[in-house]
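Taking it in order: structure first as structure tokens, then the write-up.
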Amino acid sequence: MLLETDRLVLREFVSGDWPELLAYQRDPRYLRYYPSTQRTESDVRRLVQMFLVQQAEDPRGRFQLAITLGHCESVIGTCGIRRDEENDWEADIGFELNPDFWGRGYATEAARAMVEFGFRELNLHRVWSWCIADNVASAKVLEKVGLRPEGRLRENEYFKGRRWDTLLFGLLESEWRETRASA
């Protein structure tokens, strides 16, 4: 599977992608809103292996793609959509980006492509996501791609010695079509 935007190519992972993921996933800026305080080679190799296994699922319900700049092979992040196993009419999206590439609109561009894929190709009724409430940048990306705030779960996550609120976002296919028609 391949998704192309103006500046990005979202492609399937290959086993050799793990070193680039490890390089940025060790960055303290990246780890700020994750339970992990460190990432190991073993962690990231397992993660990439999981993505490879998902590629072989039939029918496929999870699509986690490597984000690259144009047709450059270097991985600057990941973006994915995962169909709910019980309610196959909805899926959640997620994204992450190497901190060296933050603030350039790449996460928004990748997430927008993934939302479009979900509605156009997977025929979803609803796309949703969540983020740690303190992660303002991620919340802004979700809003920029059209997801609407649906709620706040207070202190429902616990890591790094504190409780965190999470924000929930969602977008219905009818709302997505409406915004596309008015654009």
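The values are calculated or read from the model by the stated rules, or taken from the named source; none is laboratory data. Every value quoted in this text rests on a predicted model; they were computed, and no experiment measured them. Methodologically, a virtual Cβ is constructed for each residue, glycine included, from the backbone with ideal geometry; neighbour enumeration extends over all protein chains shown. Accessible surface is based on the protein model in full, side chains and every heavy atom, while ligands, DNA and RNA are left aside. Shrake-Rupley method; radii C 1.70, N 1.55, O 1.52, S 1.80 Å.
Annotation: Gly118 fulfils all but one of (1) exposed (fewer than 15 other Cβ atoms within 10 Å of the Cβ); (2) farther than 23 Å from Pro28 by Cα; the unmet one is (1).
Considered as a group, the residues in region 62-80 that are over 14 Å from Leu22 (Cα atoms) and among the β-branched types (Val, Ile, Thr) include one that is surrounded by the most Cβ atoms within 10 Å (Cβ to Cβ), and that residue is Ile67. Kindly indicate whether Arg32 is out of contact with any His (no Cβ under 7 Å at 6 or more places or on another chain), open to solvent by 70 Å² or more (accessible area, probe 1.4 Å) and within 15 Å of Cys79 (Cβ to Cβ). In short, no.
Residues of region 1-34 that are among the polar types (S, T, N, Q) and assigned to a helix (DSSP H, G or I): Ser15, Gln25. Across region 38-61, the qualifying residues are those that are part of a loop (DSSP other than H, G, I, E, B) and within 20 Å of Asp100 (Cβ to Cβ), and the one among them that is most open to solvent (accessible area, probe 1.4 Å) is Gln38.
Contact map, region 161-176: first residue free of Cβ contacts under 8 Å to residues at least 24 places away in the same chain, second residue charged (D, E, K, R), Cβ cut-off under 6 Å, separation 6 or more or different chains; pairs are Arg163/Glu155. Quick one: would you say Glu109 is over 16 Å from the mean Cα position of the chain (by Cα), surrounded by fewer than 22 Cβ atoms within 10 Å (Cβ to Cβ) and among the acidic types (Asp, Glu)? It is false that Glu109 is over 16 Å from the mean Cα position of the chain (by Cα), surrounded by fewer than 22 Cβ atoms within 10 Å (Cβ to Cβ) and among the acidic types (Asp, Glu). Residue count for region 129-141, restricted to those that are buried (at least 19 other Cβ atoms within 10 Å of the Cβ) and touching a residue at least 40 places away in the same chain (Cβ under 8 Å): 4.
For region 1-27, a residue qualifies if it is open to solvent by 40 Å² or more (accessible area, probe 1.4 Å) and either in contact with a strand residue (DSSP E or B) (Cβ under 6 Å, 6 or more places away or on another chain) or charged (D, E, K, R) (or both), and the qualifying residues are Leu2, Glu4, Asp6, Arg7, Glu20, Arg26. What are the pairs with Cβ atoms under 7 angstrom where one residue, in region 39-52, is farther than 20 Å from Arg82 by Cα and the other, located anywhere, is among the charged types (D, E, K, R)? Sequence gap at least six, or different chains. Close Cβ pairs satisfying both conditions: Arg39/Arg26.
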